[in-house]
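A short worksheet on the structure shown next.
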Amino acid sequence: MKGFWLLLLLACYLPAQQVLLPREPIVFGNSFELTVTAPADFDPGRLLPLRVELLDRTPVGANQQWRFRARSYEVGEVTLALEPPVKLTIVTSLPEPASALEWPSEGWLVEPEQSSSWLSFGLLGVGVMGVLWWLRFLRSASIAVTEQASAPEIAPQWDALTALGDLLPPNSDSYEPYYQQLKAIVRRHCHVRFRVPADVRTSEELVLTLPNAQQSLQPCLSACDVALFGGAYGSNQDHQNARDQAIAFVAATTGAAMPDRVAAP
């Protein structure tokens, strides 16, 4: 009878949940074994914030012995919600620093830089901008000189008409040179008079560029293209007509009357 009362007294004073922990320090992130003796309806969620994995479960009298593999991802003191609560101390795996930690200061604690540094950077920026401007100026001047050197000389006002007046009618052996000279005179006049890159334009592009001159310019260029690229030279009258159309185009676009030697070759 005394034994029964003794067991009842011990049951009243023993904790409802008993925990067996390792003797060595528990390290952050390392696994360790944790044994809990508790009733069969024990909730492993009481072990939070530990991450636990149940290894086995063994009956011990009226209770169960729960054996877990656990890890902690918190450092410092961790409290488990058991009855009674159990406190664990988790240590870090990092070595102790050789000296006191030096924390970065806030923005307002940064000492202002010396004004001489800003002055130096300002002068450096002005110098770089000056050098870039000078290089750009030299490049522009070089391009202008190159364009001036490569640009053809502007012929006097009557050069095109004079050249057409000096162009002799072709004979049976000079059809191609005749039309080459005729085309060159017309295209050079377009370049000198209207500042268009006539040498790199097709006949169609040149006519579209000068729509007011289509009536005389288009037949002249077409005759040159047919003769040079089609091999159809036509009659002597066709040669004269091509030259007359060129003369009419030049005269109309210079705004002056044709000289006598051109008007009546």
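The values are calculated or read from the model by the stated rules, or taken from the named source; none is laboratory data. Predicted model only: the values in this text are computed from it and were never measured. When we count neighbours, we look across all protein chains shown, and the Cβ atoms used for this are built from the backbone with ideal geometry, even at glycine.
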Next item on the list: Those residues that are closer than 21 Å to Asp56 by Cα and among the hydroxyl-bearing types (Ser, Thr, Tyr), I need them from the stretch 67-95; list them, please.
Entry: Ser72
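Restricting attention to helices (runs of 4 or more DSSP H) lying wholly within the stretch 185-265, give those where 1 or more residues are within 19 Å of Leu161 (Cα to Cα), among the small types (Gly, Ala, Ser) and modelled with pLDDT under 85.
Counting at least 1 such residues, we get 214-229, 260-263.
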Margin query: Tally up the residues in the stretch 196-214 that are closer than 24 Å to Gln237 by Cα and surrounded by fewer than 12 Cβ atoms within 10 Å (Cβ to Cβ), please.
Written below: 0
Check: Taking the stretch 164-184, which residues are in a helix (DSSP H, G or I), of a type in the set (D, E, K, R) and at pLDDT below 85?
Finding: Asp166, Glu176
